[in-house]
Amino acid sequence: MSNLENILRNKVSCKSVWFMRQAGRYLPEFRKIRSKNKNFIKLCLNSKLSSEITLQPIKRYNLDSAIIFSDILMVPYALGQKIKFTKDKGPKLSKFNTKHFLNNNKRDFLQKLSPIYKAIEITRKKLDKKKSLISFIGAPWTLLIYMFDIKKNEIEIDHNKFNSLKNFDQVLNQLIAYLCYHIENQINAGADVVQIFDSWAGLIPKGKLKKYCFKPNAKIVSFCRNKNIPNICFPKGIKKKYEDFNKFVKPDAINLDYEIDPLWAKQKLKNVVLQGGLDPKILLKKDNEILKGATKYIKAFNNIPYVFNLGHGLLPQTDPDKLSKLITFYRNFNG
Ligand code: CP3
């Protein structure tokens, strides 16, 4: 059993480190491949390159876990929406069509995403048995933001774009079903853990958190529990509601974002493995500030099951050598 899987299944306390967006633009070896592969979706569907990129941070830092190089938007892509990644503006999806969406079938979905599953197979064979291969999905709310092109500064008005949809419940349930299918396929291909990214949960209007965040995440976690799949949730930006989220959803682990105070988390988040928390922006600062920031988390979670990670993904401007120093510091920390 891999180190991360052991922590999640058996709630043991031992050292384990990986980073969100560990395979990405801050690494020169990634940028080299990326510059020759301008189409991001095509790159995600190139099993050989995707596997190579997944292993880049493992080779460089000997991290405890690899996360498959792909994107949360591959699911909307497989369900029929075209995706454009434009510089600065982020991803843009073609217009959502309810009829087309509800007409999807599992066979086409499987065929479209089979290169991801192949990449997982290839990677698993190359990866040390003690290391986890993490699969992931986007949570429904975070995906709906992109699928319906919701403007993040007008969320209160704009989320009615899908809320007022006649078949909204049907759309949501179908999305959840395909997300569970994608989890299962990734696990069958050789991944041993799944992380569920609800990166935009912090934008959900007051009073709607249960409907758009807790309930969909709970459905997916309960699917994982039934299939015995270790799971990590990341409801980013919901502040003190992390406590209610944990009680309602009951994931195996929860990734803290950088707004959550580690001591508060230790006190309030029970029966769950904690992961991450450190602000990725701290890696842009001087060494002593980075290590001071890291110490806060390492000390707070010293004697409980904790996976070292960040409070959001690594920033593209991160210096790879600073990350190396942080990893060494964490690994050598006694206290
Ligand atoms: O973490 C990893 O190393 C694994 C791969 C991974 C990517 N995206 C690769 C990627 C994972 C787990 C994701 C998740 C993802 N994708 C999320 C949830 C996590 C988060 O960061 O909040 C979201 C919201 C997306 C959607 C997405 N994909 C955006 C907004 C963008 C463009 C802006 C950005 O942050 O880069 C992407 C593109 C993307 N996905 C890149 C990578 C390495 C950059 C591609 C490039 O331009 O080279």
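Values quoted throughout were computed directly from the atomic coordinates according to the rules given, and no laboratory measurement underlies them. Note that the structure is a prediction, hence the values are computed from the model and not measured. In this analysis, Cβ positions are derived from the backbone assuming ideal geometry, glycine residues included, and neighbour counts consider all displayed protein chains.
The local environment of N46, defined by Cβ-Cβ distances under 12 Å, has a net charge of +4 under the rule Lys, Arg +1 and Asp, Glu -1.
The phi torsions of the range 253-269, fed into the Karplus equation with coefficients 6.51, -1.76 and 1.60 and a -60° offset, translate into couplings of 9, 9, 8, 6, 8, 6, 8, 7, 6, x, 5, 4, 4, 4, 7, 9, 9 Hz, rounded to whole numbers, with Gly and Pro shown as x. For D128 and V12, the FRET efficiency from 1/(1 + (r/R0)^6), where r spans their Cβ atoms and R0 equals 25 Å, is about 0.85. Inter-part distance, the range 299-334 to the range 1-46, computed on C-alpha centroids, equals 15 Å. Look at the alpha carbon pairs under 8 Å that are at least 6 residues apart: their mean separation over the length of the chain gives a relative contact order of 21 percent. Take every pair of alpha-carbon atoms less than 8 Å apart whose residues are at least six positions apart; their mean separation over the length of the range 84-154 yields a relative contact order of 43 percent. The alpha carbon centroids of the range 240-290 and the range 123-149 are separated by 19 Å. Each label was represented as a point 7 Å from its Cα along the Cα-to-Cβ direction; for K161 and N302 these points are 4.9 nm apart.
Take the alpha carbon atoms of the range 198-215, find their center, do the same for the range 72-107, and report the distance between the two centers in whole angstrom. Answer, in whole Å: 21.
Label-to-label distance for D287 and N37 is 3.4 nm, based on points extended 7 Å past Cα in the beta-carbon direction. Under the combined filter of DSSP loop state and at most 15 neighbouring Cβ atoms within 10 Å, the range 166-230 retains these trypsin sites (Lys or Arg not before Pro): K166, K206, K208, K227. A dipole drawn for the range 3-332 from +1 and -1 charges on Cβ atoms has a positive end, and of L274, I53, T328 the residue lying farthest that way is I53.
Calculated mean residue ellipticity, 222 nm, the chain: -14000 deg cm²/dmol, from DSSP H runs (n ≥ 4) at -39500 (n - 2.57) each, averaged per residue and rounded to 500. Between F248 and R331, the contour length at 0.36 nm per residue exceeds the alpha carbon distance by 26.5 nm. Using a cutoff of 8 angstrom between alpha carbon atoms and counting only pairs six or more residues apart, the relative contact order for the range 181-335 works out to 19 percent.
For the ranges 249-260, 190-201, what's the packing order if you count other beta-carbon atoms within 10 Å of each residue, average per peptide, and put the highest first?
Numbers: 249-260: 22.0, 190-201: 23.8.
Answer by packing, highest mean first, reads 190-201, 249-260.
Count the net charge of all other residues whose Cβ sits under 9 Å from the Cβ of C213, scoring Lys and Arg as +1 and Asp and Glu as -1. Spell out each step's value before the answer.
Values: positive: K208, K210, K211, K215, K241; negative: D198.
Cβ neighbours under 9 Å give a net charge of +4.
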